[in-house]
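**Student:** One structure, as structure tokens, below. Some questions next.
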Amino acid sequence: MKDIIRVKCLLSLDVETLLNQQIKKEAHSSAIYLSMASWCNRNGYDFSADYFFKQAEEERQHQLKIYKYVLDMGGTSISPDITNIKLEYNSFREVFEDALDQEISVTQSLKNIAARCQKEQDFITLEFLNWFFREQREEEYKARRALELFEVIGEEGTGRWQIDKHVGQIVYSSEA
């Protein structure tokens, strides 16, 4: 029976495994952003806390989108166990440096899945991944812009307060 079910699956085992790893990466990202929101909240950066709460929810939606796709293709989605989430940061800036690193990591992971799909000529999954690439372009842009605020505004005096105030106003509008 297992072989019959596998034949009906539109995903190879390798692509299914990579997608399940991406599900875990998205869930991990969501948990990281929740931790960042908590840190920001505890340290008085209310606007940044709101920003990271929104980011956490977006990552959760990405996780569910991939989860449902695997199921729709006849595969088995795996609900991930998330551990080892950083709870403390040395500085306000470090939170945003880690956020950018996380987004770059997610983009690289998606590129690896796309490379595998290209090799297997899995054009259906490649088309599905295009949405995520557009999303990552926006996410990396916002993370970079947030980090740039530290250079543009500076952290001295009311600088951190100004940075916190502006983080939630970053918008990506390019439809290139």
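**Student:** What is the dipole size for the chain, taken about its Cα centre, with +1 at each Lys and Arg Cβ and -1 at each Asp and Glu Cβ, in debye to the nearest 20?
**Tutor:** Roughly 500 debye for the chain.
**Student:** So, counting K/R as plus one and D/E as minus one, what does the shell of residues with Cβ under 14 Å around Leu87 add up to?
**Tutor:** -1
**Student:** What pairs from Lys54/Lys119; Lys54/Lys165; Lys65/Lys111; Lys25/Lys165; Lys65/Lys165; Lys24/Lys86 go past 26 Å between their alpha carbons?
**Tutor:** Listed pairs above 26 Å: Lys54/Lys119; Lys25/Lys165; Lys65/Lys165.
**Student:** With the crude spin-label approximation of a point 7 Å out along Cα→Cβ, what separation in nm comes out for Glu156 versus Asn90?
**Tutor:** Taking the simple label geometry, Glu156 and Asn90 are separated by 2.2 nm.
**Student:** When you count, for each residue, the other Cβ atoms within 10 Å and take the mean per peptide, how do 55-62, 134-141, 117-124 rank with the highest first?
**Tutor:** 55-62, 134-141, 117-124
**Student:** Positive end of the charge dipole of the chain (Lys, Arg +1 and Asp, Glu -1 on Cβ, about the Cα centre): tell me which of Phe123, Gln61, Asn43 has its Cα farthest that way.
**Tutor:** Phe123
**Student:** Express the carbon and sulfur contribution to the solvent-accessible surface of the range 1-139 as a percent, rounded to the nearest whole number, probe 1.4 angstrom. Could you put the intermediate results ahead of the total?
**Tutor:** On the way: 4020 of 7570 Å².
On the range 1-139, the fraction of accessible area on carbon and sulfur atoms equals 53 percent.
**Student:** Ignoring everything except DSSP H segments at least 4 long, calculate the 222 nm mean residue ellipticity for the chain; use -39,500 (n - 2.57) per segment, divide by total residues, nearest 500.
**Tutor:** One gets -26500 deg cm²/dmol as the mean residue ellipticity at 222 nm.
**Student:** If I model a spin label at Asp81 and Asn43 as a point 7 Å from the Cα along the Cα→Cβ vector, what separation in nanometres do I get?
**Tutor:** Placing both labels 7 Å beyond Cα along the Cβ direction yields 3.1 nm.
**Student:** Follow-up question, since we're still on this one. Give the accessible surface of the range 1-137 per residue, rounded to a whole number of Å², with probe radius 1.4 Å and ligands, DNA and RNA excluded.
**Tutor:** With all protein chains present, the range 1-137 gives 55 Å² per residue.
**Student:** Report which label in (1) 10.4; (2) 11.0; (3) 12.3 holds the value of mean projected area of the Cα convex hull in nm² derived from the coordinates of this structure.
**Tutor:** Among (1) 10.4; (2) 11.0; (3) 12.3, the one derived from this structure is (2).
**Student:** Separate question: Per residue of the range 126-136, in order, report the coupling 6.51 cos²θ - 1.76 cosθ + 1.60 (Karplus, θ = phi - 60°) as ³J(HN,Hα) in whole Hz, putting x for Gly and Pro.
**Tutor:** Result, rounded to whole Hz: 4, 5, 4, 5, 4, 4, 5, 5, 5, 5, 5.
The values are calculated or read from the model by the stated rules, or taken from the named source; none is laboratory data. A quick note: this is a predicted structure, and the numbers were derived from the prediction, not measured. Counting neighbours? That spans all protein chains shown, and the Cβs are built from the backbone with ideal geometry, glycine included. Note: areas computed on protein heavy atoms with side chains; ligands, DNA, RNA excluded. Shrake-Rupley method; radii C 1.70, N 1.55, O 1.52, S 1.80 Å.
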